[in-house]
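Only the coordinates and a few stated rules stand behind these numbers; no lab work does. Since the structure is predicted, the reported quantities are computational estimates derived from the model, not experimental observations. Every residue, glycine as well, gets a Cβ built from its backbone with ideal geometry; the counts of neighbours run over all protein chains shown.
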Amino acid sequence: MITNLLQELDIQFLYKFISENFHSLCTLEHWAWKMLSENSNELLNQSKHIKLFHNLGTFNKNLIFNSDEIDSDKKASLLFPESIDLIDGIFAKMQDINDDNDPYFDLISLWLDNLSYFIHEHTQYIMSPIITDIDNSIARKFIMTDQYKFYFNQLQKPDILQSTFTRKQLFYLKTCSLSINAYCFCKNQKFPFTGDEILRYFEKDYLNMVYLNSFSVQSWTKELLSCITRIMSFICACCSWDDDKAKNIEILLPTEQVSHEYIGSLIRIISYKPFHEKLQIQRSNDETILLDVILTFLLASLHTHDTLAFIRFETNLLEILLPLAETVKNNRISSCVYGFLGEILCDEHLNEVKITNNLCDYFFYLLEQAWHHPKQKSQQILVSQLLRGFLSLAKNDAIQQKIAETNKVSLLIEMCDRYPIVYDILWALSFHHDIQQQLRSNQTLMLRLNHLKQELHYEPMGKITYGILWNLKSMYENRDSTDKGDETMFDIMISYSHKDKIFCKKLYDELIKTGYRVWIDFDQIHGNVMDAMAQAIEQSNAIIIC
């Protein structure tokens, strides 16, 4: 009866069904955890019980991804076990099983996978005692073990495409990796290992595994796709362990050669078009998780080992991302794609890219969540990372218009003192007429800008505040007599082609050391390109063209 009811339940009526049967469902869910922990495998392996557990597991996944109307606390009360003793009982039973293909491994994978999905969607539960205990146990008993490493190393074998995965192997590589991935971002002091310990333990085997398998993506089985996806997600999460991604990425990718080889592997993987066709609006299947993980990592690594130049000039990533930008419906992946395009494309080409209507709304939704979160993050993305990714997009006309219409400038102004990169974003936005009005009307901002202009006249921040005030036409009103004696702000303007950027950066550094005031667009030319260039020419005594 219950089995059939769960199987036949229409997702459209999920909210109504849960609302009307919440207490009964709690009883059923808690009974399921007890059965998994306390009963014999002989009883659990009966076909009627297996069918019930699979239907209940599917119901739980729908609860996570297809029931936004249901409060997250209610979801947690349905999904979480009542005590850690139940989890200890499950893990003890697993380690006593001699049959690597016992169906029990599938049932536990289903239950723990759903917990991982839920935690990723609702990160406020990461630090709950139950989740902490579960992932501490998984790390000690399964991840950092010889057994996991043995299964892991099998993925490097030439015949992996012909291999058959056991249920136990899939539990280790899929379920345990996914569980730790969600947890790694919290950096709990009680966790038995640190991010760099995990990275050093797996580093060489991981890089080799990704490299070898990147040449045969079209032949991956469903199981291999799932294992590689979950492992990549786990390792990339370790790179965010202490919010210093650059340091952790250097542990994983210690040299430029290693870095470029790994990035080439990632690009080969995401270039496989059938993955794009299976992307979901939510992070609910392996293809969506895989592209999310790869794009998030690539975006985080752009400024290590000259990765940006390598991607621009030696890969086909741009050809992959342009069509993806206009078709992908997953907001998180869409944000990564547009963040990339903002880094790679020049202003003119960026303005030609079609911006989806909900991208700006989604960005500010994440930003507001992260800004008010104790750890300054939302969906495992830091405020600083969100702002960095948005900096280039702020030049896009469609984005500027959307910001003007929704009056989100006030949130950015609120963040200025803590995140100076916001001034860069405001400079880009200050080329838009309606946003100019919103900026001018904020007296606190105007006072702050004039103060910074005086205090940091020759510093990069001084250049930015000067640029904002120039666009707001405040420069003419606030110049004093000393300013009029020196109409130029810069001694030299450097204009260059992007292929000469490395040389120009060295030239810029040497000129600055010598004491020259230099204008260059390493911080991006914001807003209208011609206006910015004209402004720079007007403010400079000399121009160097590279």
Check your understanding: Once the other residues with Cβ under 15 Å from the Cβ of GLN12 are scored (Lys, Arg +1; Asp, Glu -1), what is the net sum?
Key -> -4
Check your understanding: Hey, what do the phi angles of segment 201-208 turn into as Karplus ³J(HN,Hα) couplings, whole Hz, using 6.51/-1.76/1.60 and θ = phi - 60°, x for Gly and Pro?
Key -> 5, 10, 2, 5, 5, 5, 4, 5
Review point. Tell me, what is the percent relative contact order of the chain, built from C-alpha pairs under 8 Å that lie six or more residues apart?
Key: 8 percent
**Study point:** Exceeding the 30 Å Cα-Cα cut-off - candidates LYS247/LYS513; LYS375/LYS408; LYS48/LYS278
**Key:** LYS48/LYS278
**Study point:** Centre separation in Å (Cα based) which lies between segment 298-326 and segment 145-204
**Key:** 27 Å
**Study point:** Selection from SER214, ILE512, VAL337, by position along the positive dipole direction of the chain (Cβ)
**Key:** SER214
Point to revise | In degrees, nearest ten, helix 104-121 long axis to first principal axis of the chain (Cα) | key: 30 degrees
Review point. How much mean residue ellipticity at 222 nm does the chain get from its helices, if each DSSP H run of length 4 or more adds -39500 (n - 2.57) and you divide by all residues, to the nearest 500 deg cm²/dmol?
Key: -20000 deg cm²/dmol
Revision key, fill the gap. For segment 256-346 the mean separation of alpha carbon contacts under 8 Å (6+ apart) over residue count, i.e. relative contact order in percent, is 35 percent
Exercise for review: For segment 306-321, just list the computed ³J(HN,Hα) in residue order, Karplus coefficients 6.51, -1.76 and 1.60, θ = phi - 60°, integers in Hz, with x standing in for Gly and Pro.
Suggested key: 6, 5, 4, 5, 4, 5, 4, 9, 10, 9, 9, 4, 4, 5, 6, 7
Check your understanding: Among ALA32, ILE160, PHE431, whose Cα lies farthest out toward the positive end of the dipole of the chain, if unit charges sit on the beta carbon of Lys, Arg (+1) and Asp, Glu (-1)?
Key -> ILE160
Exercise for review: Would you be so kind as to identify which of SER240, LEU5, ASN285 lies farthest towards the positive end of the dipole of the chain, taking Lys and Arg as +1 and Asp and Glu as -1 on Cβ and the Cα centre as origin?
Suggested key: LEU5
Exercise for review: Could you line up GLU29, GLU261 from fewest to most neighbouring Cβ atoms inside 10 Å?
Suggested key: GLU261, GLU29
Check your understanding: What percent antiparallel are the DSSP beta bridges of the chain, to the nearest 5?
Key -> 20 percent
Point to revise | Translational diffusion of segment 256-346, µm² s⁻¹ [Kirkwood Rh, Cα pairs; Stokes-Einstein; 4 °C; 1.567 mPa s] | key: 98 µm²/s
Revision key, fill the gap. Computed over segment 64-202, the relative contact order (Cα-Cα under 8 Å, seq sep at least six) in percent reads 32 percent
Practice item. Compute the distance in nm between two label points, each set 7 Å from the Cα along the Cα-to-Cβ direction, one at PHE215 and one at SER441. Key: 6.2 nm
Point to revise | Among 269-277, 191-199, 56-64, 94-102, the order from most to least packed when residues are scored by Cβ within 10 Å on average | key: 56-64, 191-199, 269-277, 94-102
Check your understanding: Roughly how large, in nm² to one decimal, is the mean projection of the convex hull of the alpha-carbon atoms in the chain?
Key -> 27.1 nm²
**Study point:** Cβ-based exposure ranking for HIS260, HIS303, in which fewest neighbours within 10 Å come first
**Key:** HIS303, HIS260
Revision key, fill the gap. For LYS16, the lysines lying under 23 Å Cα to Cα, once residues fewer than eight places off in the same chain are dropped, come out as LYS61, LYS74, LYS75
Revision key, fill the gap. Length gained if HIS23 through LEU43 is fully extended, taking 0.36 nm per residue and subtracting the Cα-Cα distance, is 4.6 nm
**Study point:** Charge dipole (debye, nearest 20) of segment 256-346; +1 at Cβ of Lys and Arg, -1 at Cβ of Asp and Glu
**Key:** 300 debye
Review point. Nearest 20 debye, what's the magnitude of the dipole of the chain about its Cα centre given +1 on Lys and Arg Cβ and -1 on Asp and Glu Cβ?
Key: 300 debye
